[in-house]
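The values are calculated or read from the model by the stated rules, or taken from the named source; none is laboratory data. Predicted, not measured: the structure shown is a model, and the values here were computed from it. Heads up, the Cβs are rebuilt from the backbone with ideal geometry, glycines too, and the neighbour counts pull from every protein chain shown. Accessible surface areas use protein heavy atoms only, side chains included; no ligands, DNA or RNA. Shrake-Rupley method; radii C 1.70, N 1.55, O 1.52, S 1.80 Å.
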Amino acid sequence: MATERTLSIIKPDATKRNLTGKINAKFEDAGLRIVAQKRIHLTKAQAGKFYEVHASRPFYDELCEFMASGPVVVQVLEGEGAIAKNREVMGATNPKDSAAGTIRAEFAESVGENSVHGSDAPETAKDEISYFFAGMELVG
Ligand code: RTP
Ligand code: MG
């Protein structure tokens, strides 16, 4: 399996509860290397553009409000099969369905406020990384 990079976001519900370190430990324990990271506060418009693929979904407005409700930590994770590995460590979208030991099982508050985002495919990972980071900011 090839070395990949994926875009991760520690969402406002998690930064608010000081969970960044605990979440990063889960990534590192799974063999994912944090090759770029920054704390930012998205505007609703910036969140809306990021989640544009969900624009027609009923939860879109609530999701954009939530993502702009406090700081997030955006980061690039690198490793063998990083995209799938990250999603495995994150757990299912709804914490009621997340496997024990996953980030969402341990920390998510609801299906909406679910602590982390991870890219879902190589194309989206590439686009999402470039939405937040310049090439020079990625230190492998
Ligand atoms: P993400 O994109 O954030 O990594 O999460 P995901 O792939 O597991 O889930 P996705 O279907 O892409 O949904 C994006 C985010 O929208 C919120 N959501 N709310 N209220 C709801 O029913 C609902 N469904 C999804 C979650 O924050 C989800 O992570
Ligand atoms: Mg998704």
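Applying the set (1) touching a residue at least 60 places away in the same chain (Cβ under 8 Å); (2) surrounded by 14 or more Cβ atoms within 10 Å (Cβ to Cβ) to residue 80 leaves exactly one unmet item: (2). Filtering the stretch 92-140 to residues that are within 13 Å of ligand 1 (Cβ to nearest atom), acidic (Asp, Glu) and either open to solvent by less than 70 Å² (accessible area, probe 1.4 Å) or in contact (Cβ under 8 Å) with a residue 12 or more places away in the chain (or both) leaves 109, 113, 120, 128. The number of residues in the stretch 25-51 being away from ligand 1 (no atom under 12 Å from the Cβ), in a helix (DSSP H, G or I) and under 18 Å from residue 87 (Cβ atoms) comes to 5. Across the stretch 56-65, a minimum of one residue is classified as charged (D, E, K, R), within 15 Å of ligand 2 (Cβ to nearest atom) and more than 25 Å from residue 17 (Cβ to Cβ).
The number of residues in the stretch 52-70 that are in a loop (DSSP other than H, G, I, E, B) and open to solvent by 50 Å² or more (accessible area, probe 1.4 Å) comes to 6. Comparison of 91, 101, 79 shows that the only residue that is among the small types (Gly, Ala, Ser) and in contact with a strand residue (DSSP E or B) (Cβ under 8 Å, 6 or more places away or on another chain) is 79. Taking first residues from the stretch 52-63 that are within 7 Å of ligand 1 (Cβ to nearest atom) and partners that are modelled with pLDDT of 95 or more and of a type outside the set (A, V, I, L, M, F, W, C), the Cβ contacts under 6 Å between residues at least 6 apart in sequence or on separate chains come to 54/60; 63/51.
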